[in-house]
Amino acid sequence: MAFCAKMRSTKKNELNLEAQHQGLEILFYLQDKAPLCYSSGEFTSEELCIEAAQKCSVSPLCHNLFALYDENKKLWYAPNQVFKVEEKSSFRLHYRMRYYFTNWHGTSESEPSVWRHSPRRAKAYDKKLAPEGTPILDANSLEYMFAQGQYDLVKGLAPIRDPKNDQEVHEIENECLGMAVLAISHDAIKKNVKLPELPKDISYKHYIPETLNRTIRQRNFLTRIRINNVFKHFLKEFNNKTICNNSVSPRDLKVKYLSTMEVLTKYYGAEIFETSFLLISAENEMNKFSCGDNEKYEVMVTGNNGIQWRLKPSPVQAEKEKKKKSEGKGRKEEERHKLREAWNSFSYFPEITHIVIREATVSINKQDNKRMELRLGSHAEALSFTSLVDGYFRLTADAHHYLCTDVAPPLIQHNIRNGCHGPICTEYAINKLRQEGNEVGMYVLRWSCTNFNHILMTVTCLEGSEVMNNSGPYKNFQIEVKKGGYFLHGSNKSFASLKDLMDHLKGQILRTDNISFTLKRCCQPRPREISNLLVATKKAQEWQPVYPMGQLSFHRIRKEEIVQGEHLGRGTRTQIYSGMLSLKDDENEGYQNEREIRVLLKVLDPSHRDISLASSSFVYIFFNIKNLLLSLCVPDPRAVLCCCPSVSLTPGLFCARLVKIKGRTGKNLGREVKIKGNSGRHCEKLREILLKIKGDSGKDLGRPRQKIKGDTGEDLGKYW
C-alpha cells in the first residue's frame, strides 16, 4: 500500500509540475539538451524549429524534416503557426522528426533505397547505385532520430506490430530485447564504459515498450528470472563478439536500431488520419464514402508511398474473422473483408497541384483532375494534415513551392520573393550558373548548408583569357542575416530586406582577388529543379506528368494582337502585367469583326531557356480546367506570354469574352452548365487559383465581389 501511495504521489507531483509551467517550452529527446523556454513574445513554428535545430546541431539541409508536436493534443503544427506567448500561456511542445522515408539507410533488400540527389548521381533510378547517393540524414540528425526512436518504442508512440500467432508473440518479445541490447551497447560505447561494468540500475526494462514490461511483470517469478538471465547472456555475447572486436561503430548500432523499428512496429514513420467523410472524384465519376455509426475511413501519408486510404478495420469484426478462421468457415467473407481493408493508393506527392482548406475539410487536387476531399476532426487537424502533405511535396517534387497558402512556410515565401534558393550545395550552384549561360556577373542566392544565419551569393567571375574560354572561377560572398537586417560580410551597412541589399550591390563595382565585376542577373529557382534538397524515392523517379507538353494544345496569339499595360506584380518565375487582346470573330468570312478584351499577361523571365519546364506548373493547372483560358503568345525566343481574362472583368463577362478554343466558347461559369462534358464544379478550381492582384480583391465568378480570405498579391508565386 505504501508503494502504491508513493507512485500516486509521484504522478501527482509530475502533474503539478506540468500545471505550474507557464509560457512556451520546447522539449528534446536528447538527455543532454535542456528545454527551450520562452516567457513572452510572438513566434512562428518555423522560427522555433530553427532555434531548436541550432541547439541540437541539426543542419539547415535536414531542418525541414522536423516540426513541433503537442503530445497532449496529438497535434503537429504547420511552419507558419503563430504562438503568442503571454503570462497565462502554457505550451509544452516536442521537437520531433516528422518527415521520414523508410529504407533511407539502404540495408533492406525488400524495398528500394532512398537518398538525396547528388550532382554525381546518375539520373536513372538504379537500386545498385544507392550507396553513391548522398545520405538523407547527417550525423546529428541521425543521433536525434535514434533518441526519438527509443522514446517512441518505450512510450508506445510507435506501437508494436500485431502478432499473427503465439510463435510470433515470442519472436516480437525477443526482438524487443534485442533492441534493448542495441541501445545499451550504444550508450556503453558513447560513454566509453565496458558492458560488464555497467551500473546495476541499468536494466532492459528501461529500453523495451512499457506494454511489454507490464506483461512481463504479470508473469511468475521464475519466468522473469529466466528472461533476465537470457538477456544478460545475450548482452555479454554481443559485447564479446561484436563490441570488443570494434566491428561495429555507434552509427552502425543506430542504423540497425532504426531499421529494425521499421519492421518491428506498425507503419513506422507514417501518419494516419481518421475521417467519417471521404470523397474521391475523377473527371467523369464521383465516389462518395460515407460511414455508418461504427465505421471510419483512414487516410495514411508516408514518404515512400504518398497518400493512401482504406476502411478502418473494426476490432469486433477482426475478432469474428479470427474465430471464423479457427473454425474453418467464412473464407469468402474473410477475403472480401481483407479487400475492403486493403490500402488504396490515391496520389504520390509530385502529382498534386494544390490543396484547399475549408474549416475542417481538406481538398487535394491532382494533375489528372482527380480530387480527394476528407473531413477531419477540427481546423487544426486539417492544417496538420495539409502541412504534412505540403512538406513531403517540397522534399520529393519542388523544394521552392508550396501547395496551400494556409500552411505556407515563411522562409519559402521569403525565397520566392527574393529569387533565393534553399541550402543547395556549391556543385549545384555552379551547375546552375553554367546552365544559365555562365556570363560574368550572373549569380545564385542560396542559404548556407551549415549556418542558418548566412546566405551565400555564388557569382561567376571571369578575367583575362578566361573570358574567351567562357570558363573561370566562381566566388562565394557571404550575407549575414540578423534581426537588424542583412549585411554583406565585411561591411557594417545594414539593409532592411535582401532585395534592398541586392539592389544596392547591383549599382556597385565588386572586387575580390584582383577581379572586378558588377552583378547582372540572378538565377532564380526553376519549377521542380533537381538539387540536394530533394529526396530520390522510387516513385518520385518514376513519376511522369499526366499531360506532357507535346500533348497540350493552345490557342496561338500573334505578337501584334497583344498590347502590354501596367506592371501588376511578379510570380515565382514570371512578371505579371495587365493587357489588351485584340480578338477577331470567326463567325463571318474575312474576320472583319474585332473587339478588345482585358487580359492578364504572364511574361516568362528571359533567363529560362527551357520554356516547357518553366511554365509547366501554370500549364498543368489550367489544362485541368478544360483549356478554358490557355493561350500562348511567343513574340521572341526569350519570353512566353500566357494570357487569361483579367480578374477585374465584371462577373458574367468572364466566359462570354473567352478566347475561342477548339471551336468552343465557354458560358458563364457562375451557372450550372456543362463545359466540354464537365459540370460547373470546375469553377471552384478557377475560383481557388485566381487571387487578389495588387490591392484589387479577387472576384468570385458569377457572384458579387468578395475578398478571398488570406490571399495577397504575393500569393501569385504559388500558382503562377
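Relative protection proxy for 181-190, 506-515, from highest mean packing down: 181-190, 506-515 (other beta-carbon atoms within 10 angstrom). In this structure, R224 and E71 have a Cβ-Cβ separation that, at R0 = 41 Å, corresponds to a calculated FRET efficiency of about 0.85.
The largest accessible area among W76, W543 belongs to the first residue in W543, W76, and the rest follow in falling order (1.4 Å probe, all chains).
The S110 and K55 beta-carbon pair, evaluated with R₀ = 41 Å, returns a calculated FRET efficiency of approximately 0.65.
Beyond 22 Å in Cα-Cα separation lie the following of the pairs K559/K602; K236/K266; K232/K256: K236/K266. Which pairs break 32 Å Cα to Cα here: K155/K194; K370/K432; K155/K191; K33/K84; K370/K538; K370/K499? Violating the 32 Å limit, Cα to Cα: K370/K432; K370/K499. Between I424 and W447, the built amide H atoms are under 5 Å apart, and every one of these is 5 or more places off in sequence or on another chain. Summing charges over all other residues whose Cβ lies under 10 Å from the Cβ of Y69, with Lys and Arg as +1 and Asp and Glu as -1, gives +2. Close amide-amide hydrogen proximity is noted between L600 and C644, S646, each under 5 Å apart and 5 or more residues distant or on a separate chain (H modeled in the peptide plane; Pro and chain starts excluded).
The values are calculated or read from the model by the stated rules, or taken from the named source; none is laboratory data. Model, not experiment: these values are computed from the prediction. Note that we place each Cβ from the backbone using ideal geometry, even for glycine, and neighbour counts take in every protein chain shown. Just so you know, the surface numbers come from the protein's heavy atoms only, side chains and all, with ligands and any DNA or RNA stripped out. Shrake-Rupley method; radii C 1.70, N 1.55, O 1.52, S 1.80 Å.
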